[in-house]
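Derivation of every value follows stated rules applied to the coordinates shown; laboratory data play no part. What you see is a predicted model; the values in this text were computed from it and never measured. Note that we place each Cβ from the backbone using ideal geometry, even for glycine, and neighbour counts take in every protein chain shown.
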């Protein structure tokens, strides 16, 4: 019996997310509202709305606002100031993400039959592969407070810049260097990418919109206070 229980315990460790080496915190004292820290930014908080890959408002998003750590927000203000001088504003889709929201994504991903938003966000994928291919995970850098999802708003055309793909699309076309882009679409991605890197953010290889502050202040802490 002892051996049986040991095997069961080992299996549970393998399939369950572990935060043994990480800290969970509800302390929001080192966070600021992006609307105040980066006043030129436009907010389109997708997880407060129903237009996202789940198709409903995500747990933990109680208001359509965005937070970042003070350090990340200060760096993002530098990005914004530079891009405004070039005729662009930043549009923010998501920033700090509560662990509660990450849990909501994981619970949704396990409901294989819930595919109401498939045609918009993952038409090329079977939902069963979302964990395996790391589109859904039990922990997110967003919960550490210094990661932001964003795009460019062109002040000349008064429209979002054409990035050749939508935010949160699960597929190869979301890779920053996707080969199917037009020269204009690729250039728009690079304008955003280069400005973010210049001011201390590192990009993600699989998502053109995703950036994390290089020297984030809480690399081992996951926060879980609500966005409100």
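Tabulated data
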read-out	value
Gaussian network model of the chain, Cα within-10 Å springs - most flexible of 160, 81, 22	22
GNM flexibility winner over the chain from 183, 217, 123 (Cα, springs under 10 Å)	183
Spin-label pair residue 228/residue 190, simplified geometry with 7 Å Cα→Cβ offset, distance in nm	4.6 nm
Footprinting exposure proxy for 107, 44 (fewest neighbouring C-beta atoms within 10 Å first)	107, 44
Isotropically averaged projected area of region 105-219, using the convex hull of Cα atoms (one quarter of hull area), nm²	8.3 nm²
Calculated Rg and Dmax of region 165-228 using C-alpha coordinates, Å	14.0, 41
Value of Rg/Rh across region 25-223 [Cα atoms, Kirkwood radius]	0.94
Principal-axis tilt of helix 70-84 within the chain, Cα atoms, nearest 10 degrees	30 degrees
Gaussian network model of the chain, springs between alpha carbon atoms under 10 Å - residue of 163, 117, 196 with greatest fluctuation	117
Translational diffusion of region 59-103, µm² s⁻¹ [Kirkwood Rh, Cα pairs; Stokes-Einstein; 10 °C; 1.306 mPa s]	132 µm²/s
Inter-label distance for residue 177 and residue 220, nm, one decimal - labels placed 7 Å from Cα along Cα-to-Cβ	3.3 nm
Contour excess over end-to-end distance, with Cα ends at residue 120 and residue 82 and 0.36 nm allotted per residue	10.4 nm
Gained length - residue 36 relative to residue 159, 0.36 nm times residue gap less alpha-carbon distance	42.0 nm
Rg to Rh quotient for region 58-170, alpha carbon positions, Kirkwood Rh	1.01
